[in-house]
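The values are calculated or read from the model by the stated rules, or taken from the named source; none is laboratory data. Quick caveat, the model's predicted, so the values are computed rather than measured. No Cβ is skipped: glycine too gets one built from the backbone with ideal geometry, and neighbour counts run over all protein chains shown. Please note that ligands, DNA and RNA were not included when accessible areas were found on the heavy atoms of the full protein model with its side chains. Shrake-Rupley method; radii C 1.70, N 1.55, O 1.52, S 1.80 Å.
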Amino acid sequence: MNLYRRDKKLPTKKNYSRYFVILQEEEKGYSLAGDKLPSGYAKFEIKNDKCKISYYVQNLKKELGPYYMILICSKRDVNKLIKLGEMNIDDYGRTEVSFEYGADNIAETGIGVDKIAGAAILKLSDSNIVSVMTGFTSTEAPKGWRNFEMVERKQEEQEIEQEQPEIIEEIQNQVEPEVEVQENDQEINVPPELAENKEEINVPPELTEN
């Protein structure tokens, strides 16, 4: 008996793709041991409108950090460096970290994954860039990529949340009168500008008698 119905909608196949960018040593002197070169990769997994980016590195000397994970964008007239964040290396010279973003808005920069031409691990000192490890999707690196503008995720919302408690405390200090009650003699120190208008201060009945 055939149970298949022609009007039945088959589930649509989800779009999925994955590719790797192999990271290789570019600047000498950052290997954990002399006989082992730093190595690793950046992995990109795109599923529908999401993109998971993973970094894996080994044999990198921790003491010479901090190191930063960078995406090199040089496609379709977009020449940018996306700074994903600092890389935390363990005592064995290894690390593995993943990020998940919208495929058309990597790290909330408005840049899509289709603009990425490579990945890098850099040391940043003022305006100087040291390319510790790099890898690209093609055989040639984008010309002048070290001079691209560097962008990163905006921290405005986080800064507002951190400043909010301080703003509230400052407002409270300006609005609330300073009333000091001493436990021994129950005296109330009222600011002079409020002393003439007693209705503005609510004094408990048990204190007015004293």
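Things to note:
- Selection count, the stretch 28-47, where residues are in contact with a Lys or Arg (Cβ under 8 Å, 6 or more places away or on another chain), open to solvent by 80 Å² or more (accessible area, probe 1.4 Å) and outside any strand (DSSP E or B): 0
- Of all residues in the stretch 51-103, those being surrounded by fewer than 21 Cβ atoms within 10 Å (Cβ to Cβ), over 13 Å from the mean Cα position of the chain (by Cα) and part of a strand (DSSP E or B) number 11.
- Output for the stretch 115-144, where each listed residue is surrounded by fewer than 19 Cβ atoms within 10 Å (Cβ to Cβ) and of a type in the set (Lys, Arg): LYS123, LYS143
- Top-ranked residue in the stretch 104-114 [being open to solvent by 10 Å² or more (accessible area, probe 1.4 Å) and not charged (D, E, K, R); ranked as farthest from TYR56 (Cα to Cα)]: GLY110
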